[in-house]
1. How many residues does the stretch B:28-47 hold that are surrounded by 15 or more Cβ atoms within 10 Å (Cβ to Cβ), part of a helix (DSSP H, G or I) and within 14 Å of another protein chain (Cβ to nearest Cβ)?
2. Do you know which residues across the stretch B:48-79 are crowded, with 24+ Cβ neighbours inside 10 Å and part of a helix (DSSP H, G or I)?
3. Evaluate the stretch B:174-189: report whether one residue or more is in a helix (DSSP H, G or I) and facing chain A (nearest Cβ under 9 Å).
4. Testing A:Val233 on (1) within 30 Å of A:Glu280 (Cβ to Cβ); (2) out of contact with any Leu (no Cβ under 9 Å at 6 or more places or on another chain); (3) in the same structural domain as A:Leu339 (by TED's automatic domain parsing); (4) surrounded by fewer than 23 Cβ atoms within 10 Å (Cβ to Cβ), one condition comes back false. Which one is that?
5. Scan the stretch B:295-306 and tell me whether some residue there is assigned to a helix (DSSP H, G or I) and among the basic types (Lys, Arg).
6. Just one of the numbered conditions (1) within 21 Å of A:Leu101 (Cα to Cα); (2) surrounded by fewer than 23 Cβ atoms within 10 Å (Cβ to Cβ); (3) of a type in the set (D, E, K, R) is not true of A:Glu21; which one?
7. Which residues, counting only those in the stretch B:309-325, are crowded, with 24+ Cβ neighbours inside 10 Å and under 26 Å from B:Ala279 (Cβ atoms)?
8. Tell me which helices (runs of 4 or more DSSP H) are completely within the stretch B:196-280 and hold 2 or more residues being under 17 Å from the mean Cα position of the chain (by Cα) and without any contact (Cβ under 8 Å) to a residue 40 or more places away in the chain, or say none if there are none.
There are 2 protein chains.
Amino acid sequence: MKDAKAPIGTATDFVKETLAECRQATLPALREAVEGLHPRLARVGAYHLGWCERDGTPTDLHPGKLMRAALTLLSARAFGAGTATAVPGAVAVELVHNFSLLHDDLMDADETRRGRPAAWVAFGPGLAVLAGDALLSQATSVLADADGAPPHRASRALARAVDTIIRGQAADLALNHFPVDRVTGEDYLAACAKTTGLLCGSVEVGAALAGAPLPAVRALSTAAWNLGVAWQVADDIESVWGDAAASGKPPLGDLRQHKRTYPVIAALRSGTPAGLRLAERLDSDSGKEPTDAELLALADLVERAGGREAAERSARDHLDRALRALDRAVDPATAENGLTALFRHVVDRHDWRRPTAEPGPVAEGAAT
Amino acid sequence: MKDAKAPIGTATDFVKETLAECRQATLPALREAVEGLHPRLARVGAYHLGWCERDGTPTDLHPGKLMRAALTLLSARAFGAGTATAVPGAVAVELVHNFSLLHDDLMDADETRRGRPAAWVAFGPGLAVLAGDALLSQATSVLADADGAPPHRASRALARAVDTIIRGQAADLALNHFPVDRVTGEDYLAACAKTTGLLCGSVEVGAALAGAPLPAVRALSTAAWNLGVAWQVADDIESVWGDAAASGKPPLGDLRQHKRTYPVIAALRSGTPAGLRLAERLDSDSGKEPTDAELLALADLVERAGGREAAERSARDHLDRALRALDRAVDPATAENGLTALFRHVVDRHDWRRPTAEPGPVAEGAAT
């Protein structure tokens, strides 16, 4: 039997296999859902998903992890449902995920995705918006066709998730307009909803399709919410101190854009001299493109103000809470269904832990 | 008793009263739905709907006809449902309508709406896209909360409508990329779905909330589809030969943009010398802004090729079919519920009939 509670190093193969199995179960139905759109929108969708070039030529790009599909399938499995029951849910959450990516790339003016021009750059904003709309609409349809159990709990869970990620994106867009010294942890969590909302939706849809009891679904959703926050904070840490080459993101990108990330907010609210100097620097933005040396100096201020440490603590805490809630939701004896291992993987795949950090989040996580 | 079958001149007051009553029933719940969004998106939505200025100051603009809400309420009423039962449906179809307007204005680069800057101009494309997403998501939620009757027929009807209008918008965006001589009536009808889809959805949602029998819902939907085509064709006629001041649109706007409207398509497919000359002119587009004289010459070619007459005939035919299907769907004895009068009004409010036309569409429509 595979040991889902083994330290992350040995769990990786298990997680990889589980993800690959879930991906194989989801991809054919996901392709069918995208191919069912109007041909022009199907092309935009397939391009965005990395399946083809702009002219329709198939690519050999990796189809992506389909993490949300895996969360849905494994959540359903934890409550005794077979893959066939849960695949429409897995397809729906991936469609919603890609709807939000298509629209967010445009909103955030992110010009690349998977190392290629983003869909709004390749096809123009109009077709990218419409293709996003079509993926969202298709998600609703795919799930409604499968969501037999009254009172349509899975469809309701998906609708709630869509509402939540839209609110989260609105909060995120607003966040960077707040004066630097007024941003709170709550503002940060409100923006996190753009990530957490669909993670909650993914596990809730899977559990609902399996007819899981409501208290278990609630605990599972709490687990997914905490997982989402841990993920987001780890992402923030990675974007400043991580290996840019490994993450595929521009180095110090979040600092360059003056994003209100967790470490920056924690540093600004620390009341330390370094935090005050950081606030002055961010306030006195000249509008000029900062040099790498200036960005490294900002990163140093964030770290000296305790922002990095606070973020690391937050990521660990939220992962701990996620794993505890997961144990309440799902009989730990069924942990080999892969959810626990996947949860750890989601956070630990980020390169956010300092080599010097001990006892380290893995040991703590394993102790819960 | 009010006579819904009276000629249009005398029916107008009845229609106006009916529309006003439906609007009053819908507006409070519609406001509540928009105010329930994230505050930044609620502002964009309220501005787009004409309720406030960009800074939130309330306006005294007319709240619009809320035609789709009226179709939903009257359809529910025709099957014995009270207003309270149908209002969530009326709110949902208006939310979907405004979702599509917000996104379409951006896609079509339409910079004004209601004589003010369109939302994407006033707030930027990102917030306009996100506000549209939020209205769509809210529509689903509002209706799901009210849609008690299994198997959630109203929600399914709304989802189908959303799918259809997205397909229609994709077909419409594609239409103007076709070579002039290859555009068919079917292509035109596919693009019409952006209008017809939500008219069908509006009546289906209302009838479903009232628990109407399926054959009646199908007939009602057929009626709405034909109404939508008649409306679109009448709109096309109006945009070339109508009173620009009355319609609030730029004179000859569709011709200026080389839109593939019904009269133009009919003229191009007429095989007449005028049709061939029209095709040459449209093919040899120099890219220069055409003069008004050149546009008037184009309009003259369309008319001499029979495009105007074919369009008038199509609008009349589709209105006739709509009214016949309506009679099948709803007991004509209950016609005083206002649906018949509203159907006529939707098409006849367009200034598309020539003063010389006889016996005229009103007389024909009344004879069915």
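The values are calculated or read from the model by the stated rules, or taken from the named source; none is laboratory data. Being a predicted model, the structure only gives us computed values, none of them experimental. All Cβ positions, glycine included, derive from the backbone under ideal geometry; neighbour counts span all protein chains shown.
1. 8
2. Scanning the stretch B:48-79 gives B:His48, B:Arg68, B:Ala69, B:Ala70, B:Leu71, B:Thr72, B:Leu73, B:Leu74, B:Ser75, B:Ala76, B:Ala78.
3. So far as the stretch B:174-189 goes, yes, one or more of its residues are in a helix (DSSP H, G or I) and facing chain A (nearest Cβ under 9 Å).
4. (4)
5. Within the stretch B:295-306 (the criterion being assigned to a helix (DSSP H, G or I) and among the basic types (Lys, Arg)), the answer is yes, since at least one residue qualifies.
6. Answer for A:Glu21: the failing condition is (1).
7. Those that are crowded, with 24+ Cβ neighbours inside 10 Å and under 26 Å from B:Ala279 (Cβ atoms): B:Ala311, B:Ala315.
8. Where helices (runs of 4 or more DSSP H) fall fully within the stretch B:196-280 and carry at least 2 residues being under 17 Å from the mean Cα position of the chain (by Cα) and without any contact (Cβ under 8 Å) to a residue 40 or more places away in the chain, they are B:214-241.
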